[in-house]
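Have a look at the structure below before the remarks.
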Amino acid sequence: MIKIPFRRINWITSLFLIFTALTALIAVPIYLWKFGIDWFQFSMFFFFASATTMSITLGYHRLFSHLAFKAKWPVKLATLVFGACAFENSCLDWSADHRKHHKHVDHDDDPYDISKGFMWAHIGWLIFKMKPEQPINNVNDLLKDRLVMWQHKYVHWIGFVVGLVIPPLIAYAVEPTWQYALGGFLLAGILRIVVVQHCTFFINSLCHTIGKRPYNTDNTARDSAIMAVFTCGEGYHNYHHAFQHDYRNGVKPWQFDPTKWMIWLLSKVGLTSQLRRVSDEKILLAEMREAKRQAERRLAAVGTPEESHPLTEKATEMLHSFSQRLTESYEELEQAISDKVTVSRKAMTQWQKETREIVRHIATMRGSVCHPA
């Protein structure tokens, strides 16, 4: 029998997570079965869910944790208010944990270290206090921000009033019945909290477990287009860990990143500025480096007992050619960046096309030591 470490349980957080989850799983379906849902209730749920999610991604994450851009006070205030409605702690505490995560990713000091297991990274780290709480010493910049400190002091009251009291009041104002007010509380309140929280938690767990690693295989962070849809672009997690101060997560034209678009739009009306972004050359260089690593790993495995899928002589020659071409392109681009030479768009396009083709070919030569991209 497993002995539960009761003294290590964060009871307030645990009871809140249990209560909201059970209410969403039991009370919400009962309500929908008895009373149904109309377009206004759905719209209110969608608005509060979108505002809360965007406040975490744009505010808590990219603005306050990574300083990826600067924002005027209306943007700060809005993201701090709706961010509190997510009940993911104050922006100050959230940012402190997130900065530790980036500094110690996949190691013991990483608050949501995936090496401790999927459930630990997803929710366990919130439930159990495995260590004495350490002083907040990595957010000195935020300690000087009056809005951040105001939210830190009143975060639970803000979340309660704006996230749980206002939705049923709005619903009651539209249709003054207790059933409609209850719907506002359950749908735009409780259900919205659970959905937003677990979408955030999945970035810590799922995006360190499943997905591609096109930019950096030195850590477990992975890109997931599916999670990007549910988290306003946060699913491109491998890119984010490779270039954490970029205001974008989805850098390809086809990648879904509403947070990036919102930051850009706000900059056009003067509410955000100094948007930090990594150059296309450095991004391509990272992709080339990882493709080259994959080719070298596969070549190193040729002829070894550990190789589960031996390559033919022709395939090995092809892999050698891929590796050589990547090395030449990588060194050429690296030298151009070092010399601060402007790389032509035509050359960039050609390198990108060739790198993608080589990566596709390498992926077909799977072996036990060829790490997933």
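The values are calculated or read from the model by the stated rules, or taken from the named source; none is laboratory data. Only a predicted model underlies this, so the values are computations on that prediction, with no experimental measurement involved. Backbone-built Cβ (ideal geometry, glycine too); neighbour counts: all protein chains shown.
For region 68-84, the criterion of being under 30 Å from LEU191 (Cα atoms), within 17 Å of the chain's Cα centre (by Cα) and in a helix (DSSP H, G or I) is satisfied by at least one residue.
For LYS103, the test of being out of contact with any Leu (no Cβ under 6 Å at 6 or more places or on another chain) and of a type in the set (D, E, K, R) is passed. Of everything in region 171-223, what is under 30 Å from LYS103 (Cα atoms) and acidic (Asp, Glu)? Give them in sequence order. Residues satisfying the conditions are ASP218, ASP223.
Residue-by-condition table, conditions (1) at pLDDT 95 or above; (2) surrounded by fewer than 14 Cβ atoms within 10 Å (Cβ to Cβ); (3) not aliphatic (A, V, I, L, M):
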site: HIS102; (1), (2), (3): yes, no, yes
site: ASP108; (1), (2), (3): no, yes, yes
site: LEU126; (1), (2), (3): no, no, no
site: ARG146; (1), (2), (3): yes, yes, yes
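Does GLN179 meet the test of being in a loop (DSSP other than H, G, I, E, B), surrounded by fewer than 19 Cβ atoms within 10 Å (Cβ to Cβ), of a type in the set (S, T, N, Q) and out of contact with any Pro (no Cβ under 6 Å at 6 or more places or on another chain)? No, not satisfied. Scanning region 228-257 for residues that are of a type in the set (S, T, N, Q) and crowded, with 24+ Cβ neighbours inside 10 Å returns THR231, ASN238, ASN249.
Just to verify a result, which residue in region 270-285, among those that are surrounded by fewer than 18 Cβ atoms within 10 Å (Cβ to Cβ) and among the polar types (S, T, N, Q), is nearest to LEU326 (Cα to Cα)? Top of the filtered list is SER279.
Evaluating LYS260 against the criteria (1) among the charged types (D, E, K, R); (2) free of Cβ contacts under 8 Å to residues at least 40 places away in the same chain; (3) in contact with a Phe, Trp or Tyr (Cβ under 6 Å, 6 or more places away or on another chain) leaves one unmet condition, (3).
Looking at the structure I just gave you, is PHE160 surrounded by fewer than 17 Cβ atoms within 10 Å (Cβ to Cβ), in a helix (DSSP H, G or I) and modelled with pLDDT of 95 or more? Yes; evaluated as a whole, the condition is true for this residue. Based on what the data block shows, is PHE118 under 19 Å from LEU15 (Cβ atoms) and aromatic (Phe, Trp, Tyr)? The answer is no for PHE118.
Scanning region 250-278 for residues that are among the aliphatic types (A, V, I, L, M) and in a loop (DSSP other than H, G, I, E, B) gives VAL251, VAL269, LEU271, LEU275, VAL278. Of everything in region 208-227, what is part of a helix (DSSP H, G or I) and buried (at least 23 other Cβ atoms within 10 Å of the Cβ)? Give them in sequence order. Matches in region 208-227: HIS208 only. Scanning region 210-251 for residues that are among the basic types (Lys, Arg) and either under 24 Å from PHE69 (Cβ atoms) or outside the structural domain of ALA86 (by TED's automatic domain parsing) (or both) gives a single hit, ARG248.
Candidates are the residues of region 99-154 that are of a type in the set (A, V, I, L, M, F, W, C) and assigned to a loop (DSSP other than H, G, I, E, B); the one that is nearest to ASP218 (Cα to Cα) is VAL105.
Give the residue that is surrounded by the most Cβ atoms within 10 Å (Cβ to Cβ), with candidates limited to residues of region 110-124 that are within 17 Å of the chain's Cα centre (by Cα) and not aromatic (Phe, Trp, Tyr). Residue satisfying both the conditions and the ranking: ALA121.
For region 15-65, the set of residues classified as free of Cβ contacts under 8 Å to residues at least 60 places away in the same chain and not in a helix (DSSP H, G or I) consists of GLY36, ASP38, listed by residue number. Assessment of region 257-264 against the conditions (within 19 Å of the chain's Cα centre (by Cα), β-branched (Val, Ile, Thr) and farther than 27 Å from HIS107 by Cβ) yields at least one matching residue. Is it the case that region 261-270 has a residue that's modelled with pLDDT of 95 or more and within 22 Å of GLN335 (Cβ to Cβ)? The answer is no, given that none of the residues of region 261-270 is modelled with pLDDT of 95 or more and within 22 Å of GLN335 (Cβ to Cβ).
Quick one: is LEU311 in a loop (DSSP other than H, G, I, E, B), surrounded by 14 or more Cβ atoms within 10 Å (Cβ to Cβ) and modelled with pLDDT of 70 or more? Answer is no for this residue.
Would you confirm whether or not region 228-249 contains a residue that is out of contact with any Ser or Thr (no Cβ under 9 Å at 6 or more places or on another chain), of a type in the set (Lys, Arg) and part of a loop (DSSP other than H, G, I, E, B)? No; the residues of region 228-249 include none that is out of contact with any Ser or Thr (no Cβ under 9 Å at 6 or more places or on another chain), of a type in the set (Lys, Arg) and part of a loop (DSSP other than H, G, I, E, B).
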